[in-house]
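Nothing in this text is a laboratory measurement; each read-out follows from the coordinates by a stated rule. Just so it is clear, the structure is predicted and the values come from calculations on it, not from any experiment. Virtual Cβ from ideal backbone geometry, glycine too; neighbours counted across all protein chains shown.
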Amino acid sequence: MKNTFGNNISLTIFGESHGNAIGTVIDGLAPGIPVDESKIASLLSLRRPAGKISTSRREEDKFIIESGVFDGYTTGTPVCILIPNENTQSKDYSATRALARPSHADYSAYEKYHGFEDYRGGGHFSGRITAALVAAGGILIPALEAKGIFIGTRIKSIADVCDRDFADVTEDIKIVSEKSFPVFSAEIEDEMQKKILEAAQEGDSVGGVLETAVIGLPRGLGEPWFDTLEGMISHAVFSVPAVKGIEFGSGFGIAEMRGSQANDTMRMENGRVTTQSNSNGGIVGGISNGAPLLFRCAVKPTPSIFKEQETVDFIKGENATLSLIGRHDPCIVHRAAVVVRSVVALALADQLATRYGTNWLSGGAKK
């Protein structure tokens, strides 16, 4: 029954989709880290539903920092952020309590929690809980940026529509970081949104691929074997609902290359070792090598669809059909981008604290 990630900097999430509130507790943050509530609010707005391509459930995400922050800085004690739930419609779920929604956690949660789980809106398994992760990102992302580490997550593809690759990584991270629909091209955005609306009109949904780039990471971050940098990032990213796959650098495509194509050859530039390509995504031997950290994750189509589906009544133990009601996203890829960015910030902050000490993210002594 574990809901905590991290060792030296750890994050615990709590709450349910239709409960009174959701939230997070971040422990291990050094004292003196600036906390800008407008930055937290800005990131939360990027996760919020937008128009016809998203659910009609609208939450304002009026968060409350309950502890761990004083006069705009972390105090060194646990930071607790509470986000009230204000727009719930629990009656949508009472009639289908025992009907397992295909590809949802309803049945697996019932088996794990023996029927005591809060099933409304997916309960603790709901994507609603990701707002707590983003709120934490509102502290961790600026703290990393103050150290010269920048994270950008963008939509690589939705359905069969693809955006261009990262080019100038530094500039591209700036472009996508403030967008609620993070793509490089307005034309591609229109095409992707058209695919989402087409699926929604048919009572269906679509998925896609998110791509994340990180620049400014110190070289030598990570561990060999069991706590590799890509392993710890993957651990965090797979906590995001609907993520079903991850690949770094050239990913599975590297298996089709020869060594002469896959190897990242190296040169000296301005007294530093650089690589001339990035097939390994900035990580070799589980450890950062100075190249941009680059990975992609697959986000499955939203499992809540309005087509009739075969399922089971897991309490009666019989076959059934499901006709869904309620408010659901026809695509969550665009809303998940800032969530992935936030959990990557958490994984990196924990790794940096492990290597350099928990005070590394601090701005220093109070003056």
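Things worth noting here:
- In summary, A135 fulfils each of the numbered conditions (1) more than 21 Å from the chain's Cα centre (by Cα); (2) crowded, with 22+ Cβ neighbours inside 10 Å; (3) touching a residue at least 40 places away in the same chain (Cβ under 8 Å) with the single exception of condition (1).
- Count of the stretch 194-224 residues which are in a helix (DSSP H, G or I) and out of contact with any helix residue (DSSP H, G or I) (no Cβ under 9 Å at 6 or more places or on another chain): 5
- Close pairs from the stretch 99-124: first closer than 15 Å to S304 by Cβ, partner basic (K, R) and not in a loop (DSSP other than H, G, I, E, B), Cβ under 7 Å, at least 6 apart: G121/R128
- Candidate set: the stretch 260-276, residues that are part of a loop (DSSP other than H, G, I, E, B) and out of contact with any Gly (no Cβ under 9 Å at 6 or more places or on another chain); chosen: the one farthest from T228 (Cα to Cα): N270
- D350 vs. criteria acidic (D, E) and either under 30 Å from G32 (Cβ atoms) or in a helix (DSSP H, G or I) (or both): yes
- All positions within the stretch 248-272 that are of a type outside the set (G, A, S) and either touching a Lys or Arg at 6+ places or on another chain (Cβ under 8 Å) or closer than 26 Å to G208 by Cα (or both): F248, F252, I254, E256, M257
- Residue-level check: of (1) among the β-branched types (V, I, T); (2) out of contact with any Leu (no Cβ under 7 Å at 6 or more places or on another chain); (3) under 22 Å from E37 (Cα atoms), T153 misses just (2).
- The set of residues in the stretch 225-247 that are in a loop (DSSP other than H, G, I, E, B) and without any contact (Cβ under 8 Å) to a residue 12 or more places away in the chain contains only F238.
- Filter result (part of a loop (DSSP other than H, G, I, E, B) and in contact (Cβ under 8 Å) with a residue 60 or more places away in the chain) within the stretch 180-193: S180, F181, P182
- The residues in the stretch 207-245 that are on the phi > 0 side of the Ramachandran plot and in contact with a Leu (Cβ under 6 Å, 6 or more places away or on another chain) can be counted, and the count is 1.
- Filter result (more than 16 Å from the chain's Cα centre (by Cα), under 20 Å from V338 (Cα atoms) and in a loop (DSSP other than H, G, I, E, B)) within the stretch 17-49: S17, V35, D36
- From D36, D27, D61, residue being within 20 Å of K179 (Cα to Cα) and touching a strand residue (DSSP E or B) at 6+ places or on another chain (Cβ under 8 Å): D61
- Tally of residues being surrounded by fewer than 19 Cβ atoms within 10 Å (Cβ to Cβ) and of a type in the set (S, T, N, Q) across the stretch 330-367: 2
- The set of residues in the stretch 282-294 being under 18 Å from L352 (Cβ atoms) and touching a Gly at 6+ places or on another chain (Cβ under 7 Å) consists of I283, G286, I287, S288, N289, A291, P292, L293.
- Per-region count, the stretch 277-318, residues loosely packed, with under 14 Cβ neighbours inside 10 Å, more than 16 Å from D204 (Cβ to Cβ) and in contact with a strand residue (DSSP E or B) (Cβ under 6 Å, 6 or more places away or on another chain): 0
- Members of the stretch 142-192 that are of a type in the set (V, I, T) and within 20 Å of the chain's Cα centre (by Cα): I149, I151, T153, I155, I158, V169, I173, I175, V176, V183
- Matching residues, the stretch 158-169, being exposed (fewer than 14 other Cβ atoms within 10 Å of the Cβ) and over 22 Å from E191 (Cα atoms): D168
- Residues that are over 29 Å from the mean Cα position of the chain (by Cα), surrounded by 10 or more Cβ atoms within 10 Å (Cβ to Cβ) and under 14 Å from G290 (Cα atoms) within the stretch 250-273 comprise M266, V273, listed in sequence order.
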